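Scroll down for the structure; my scribbles are underneath it.
The values are calculated or read from the model by the stated rules, or taken from the named source; none is laboratory data. This structure is a prediction, so every number in the text was calculated from the model and none was measured. Here Cβ is always computed from backbone atoms with ideal geometry, including for glycine, and neighbour counts include all displayed protein chains.
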Amino acid sequence: MRSIRMRSDVFNSPESGACSPQDPGSPRRSGRLAAANHVPTNSLWAMVGACGLAVLLLSAAARTAFAQAAVALPSVAPSLPAGSVPFQFISDGPRGSGWDHGDKIARFYMHEWLPAFFSRSLVLDQDIPRGTNLSWIFTGPHAGFTVTVDAESVRVVQRYYDSYALYGSGEPQAGYPQRTVIEADAPYTGHLRSLTVSLNSHLALQVAVNGRSLIEQSCLFDVQRSQLEYDAPRSAHDIVSGALLPQTSTDATVTIHPQKTYQTMMGFGGSPSIPAYAMLSAAGKERFWKILSSYNLLIDREYPMGTRLNPEMSNLDDLADASPHYYGDNFPNGEVSDFDYSRRIQELGGSVIYEMWDLPAWATQPRDNNALWRKHGVADPEAYARAIVNYCRIAKRRTGRPPAIVGVQNEVEEPGSVALQMVRVLRKRLDEAGFADVKIHMADAPFTWQGVQRAEALRKDPEAWKDIDFAAVHEYDYQDFFANPDLFDSSLLAMHHATTGKPFLATEICINKPSLQTGSYRVAFNVGQLYHKNLTLMDAVSLMYCWLILDVEQPSFGASRALLIPNRQDGFFPVASSAQLRILGAFSRHILKGMVRVDAQSSSSGLLSTAFQGVNGEATVVLLNRSTQPMHVALEWPGVSWREVERTSPYLENAVSPAPSQILIQPGEIVTLSTIVRGPAVS
């Protein structure tokens, strides 16, 4: 076992209590990354179990208990395959130039752009001389990590360097503000001959020596390049030499069975913050619509007008009555409509989904002493149904048609009998008002386990279940499984089983946990895995991001909760807030409304595949490489001639090109092949 030193001042928070697995939505779990059992049983991550980042909160006494005897390294004799890149350091050899390198030995730079996930290995010709050390430095746009080896230990340090606020943290600043956030040491005995560093889709950083795993840490940020530094006294004549091994690739086959069909797609979209949209310039609004069209995000999930809605419903689209969503210091973002926006979505071939959240007081029953925790009393089903019907009337008058779907209620937990009555009364009042074509989706729950409970309650009332046209849930509990997304499959399958017979809408996907709120590509890729799981396990007919556009003060809210933000520094144009837009676009741009999912089988668990066909022979396949190796993919779909390939990676934003004769997918890359020519993405 290794010695662990963590910066508890960085990670301690009000959410640092004991884990509560029985309540996935409890505040005690809401700030944590669930641990994966994909690592060796002697690794720290496996020991922590479901508490994940709780390892960062260990007391000093507990950390001391982890100090163990040095690990005896296995003996290895690494070979040098073709393509290895040699390096050599001599302590009294050439010095490096530069203002802040002083008289240090010249560094060795790896001239490659690292993929999102990778495994890289060095081999050494001799032991690291005592009194010296070799550092492998990995850097990215916001943070980096350094792996340092000496004659008896391995050390891993993660550090951020993207803010002036990091200045003065009490550690050397190296010419720029920085701060260490995680550090760990692993002592060893024996002869170090190989060093392997991996960054994977489990959001883990792993370090192995001579093939034996010594250190594993959670790591959310992206790195792009690496370099070596040797630190030794100039007075000696110490030499360290070795080579960087070439990256190896693997082969995979994806076989399509077009005769085996599943769901018919309704489309993609999300919830626009109307105040954020309103703050765009005129040219910015036109750009916004080009982006929505380019990314095929044409389902408008109308975010609810709630507590400030007057009984006449005359202020549905009054910006002055937009209620704040209390995201840090952000300004009002939601709970207001824009019928011109809805009309334009419909003109582009899209549709509107309307769902209220917290109800206005006039649509609720009086609050009693047993419901003091609620802002208002429980829903009054008749008043609630009248409000929805009135919205449909106003929408039809203002846009030419009512919403395609109305949701029962967003997230709020109503008493069981009231929840059932809301469904039955809503269906009856819609029919009576001439809105029989307006469909209903079940009340959204924030977590899948709550969605299962709501679906089971609905099924016990045949009339209410018959009145439900679509199943829906938000899936925020997926965030508890970012360290091993496949562990979430059972939750999705339980929801799928509970809602059998109802098409599924993934109504609100995003990152809302502080421990995951970062704009890294690797975090966005894990959301892409959720898209894949929704399409293949839930047979989802629609995927919707929480916010299409959001006005933010703290950047982390934009990077994790919205696809776009207004760029205040450049004429109030919409810009991508992070990699979330490109990841969703890898699916949405070439999976069109009306296409049917067909069976796609991958020979590798590291390669996720989904396939779709259209009524006129259109075909699209989306491939996600979640391994640490490049993959040569043989795609077997007889009779299909691909016309366009789209690549999505940390370096490519839905970049299109003619279809290649051979398919090579880098680790962490998403490749979309299609017979549909969309052309370059607008962003």
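Numbers for the structure displayed
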quantity: Residues of the stretch 287-316 classified as closer than 30 Å to LEU592 by Cβ, among the charged types (D, E, K, R) and either part of a loop (DSSP other than H, G, I, E, B) or touching a strand residue (DSSP E or B) at 6+ places or on another chain (Cβ under 6 Å) (or both), total; calculated: 4
quantity: Residue, farthest from ALA385 (Cα to Cα), within the stretch 403-427, restricted to residues that are within 27 Å of the chain's Cα centre (by Cα) and polar (S, T, N, Q); calculated: ASN410
quantity: Filter pass, ALA116 being under 28 Å from VAL209 (Cα atoms) and either surrounded by fewer than 18 Cβ atoms within 10 Å (Cβ to Cβ) or touching a His at 6+ places or on another chain (Cβ under 9 Å) (or both); calculated: no
quantity: So VAL645, is it surrounded by fewer than 23 Cβ atoms within 10 Å (Cβ to Cβ), free of Cβ contacts under 8 Å to residues at least 60 places away in the same chain, touching a strand residue (DSSP E or B) at 6+ places or on another chain (Cβ under 9 Å) and not in a strand (DSSP E or B); calculated: no
quantity: Residue in the stretch 128-144 that is farthest from VAL223 (Cα to Cα), counting only those that are under 32 Å from the mean Cα position of the chain (by Cα) and in a strand (DSSP E or B); calculated: SER135
quantity: Residue list for the stretch 526-561, restricted to those being farther than 21 Å from SER577 by Cβ and not charged (D, E, K, R); calculated: HIS532, ASN534, LEU535, THR536, LEU537, MET538, ALA540, VAL541, SER542
quantity: Number of positions in the stretch 69-97 that are of a type outside the set (Gly, Ala, Ser), in contact with a strand residue (DSSP E or B) (Cβ under 8 Å, 6 or more places away or on another chain), assigned to a loop (DSSP other than H, G, I, E, B) and surrounded by 11 or more Cβ atoms within 10 Å (Cβ to Cβ); calculated: 5
quantity: Qualifying residues in the stretch 604-642 (those that are of a type in the set (S, T, N, Q), more than 25 Å from the chain's Cα centre (by Cα) and not in a strand (DSSP E or B)) - the one nearest to PHE118 (Cα to Cα); calculated: SER641
quantity: Residue among LEU505, LEU493, LEU535 that is surrounded by fewer than 22 Cβ atoms within 10 Å (Cβ to Cβ) and hydrophobic (A, V, I, L, M, F, W, C); calculated: LEU493
quantity: Conditions (1) among the β-branched types (Val, Ile, Thr); (2) in a helix (DSSP H, G or I); (3) under 26 Å from GLU312 (Cα atoms); number of the one not met by ILE440; calculated: (2)
quantity: Criterion: out of contact with any Pro (no Cβ under 9 Å at 6 or more places or on another chain) and under 27 Å from ALA419 (Cβ atoms) - qualifying residue of PRO304, PRO272; calculated: PRO304
quantity: Pairs where the first residue, in the stretch 441-469, is free of Cβ contacts under 8 Å to residues at least 12 places away in the same chain and the second is of a type in the set (D, E, K, R), C-beta under 8 Å, 6+ apart; calculated: TRP465/ARG459
quantity: In the stretch 315-350, the residues that are surrounded by 14 or more Cβ atoms within 10 Å (Cβ to Cβ), of a type in the set (Asp, Glu) and under 20 Å from LYS285 (Cβ atoms); calculated: ASP317, ASP318, ASP338
quantity: Filter result for LEU166 (touching a residue at least 40 places away in the same chain (Cβ under 8 Å) and either surrounded by 14 or more Cβ atoms within 10 Å (Cβ to Cβ) or closer than 15 Å to LEU124 by Cβ (or both)); calculated: no
quantity: Members of the stretch 386-439 that are free of Cβ contacts under 8 Å to residues at least 40 places away in the same chain and polar (S, T, N, Q); calculated: SER417
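Per-residue answers, yes or no, for (1) under 22 Å from PRO272 (Cα atoms); (2) crowded, with 24+ Cβ neighbours inside 10 Å; (3) at pLDDT below 95; (4) not β-branched (Val, Ile, Thr):
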| residue | (1), (2), (3), (4) |
| --- | --- |
| PHE572 | yes, no, no, yes |
| ALA576 | yes, no, no, yes |
| ILE583 | yes, yes, no, no |
| GLN601 | no, no, no, yes |
| ALA619 | no, no, no, yes |
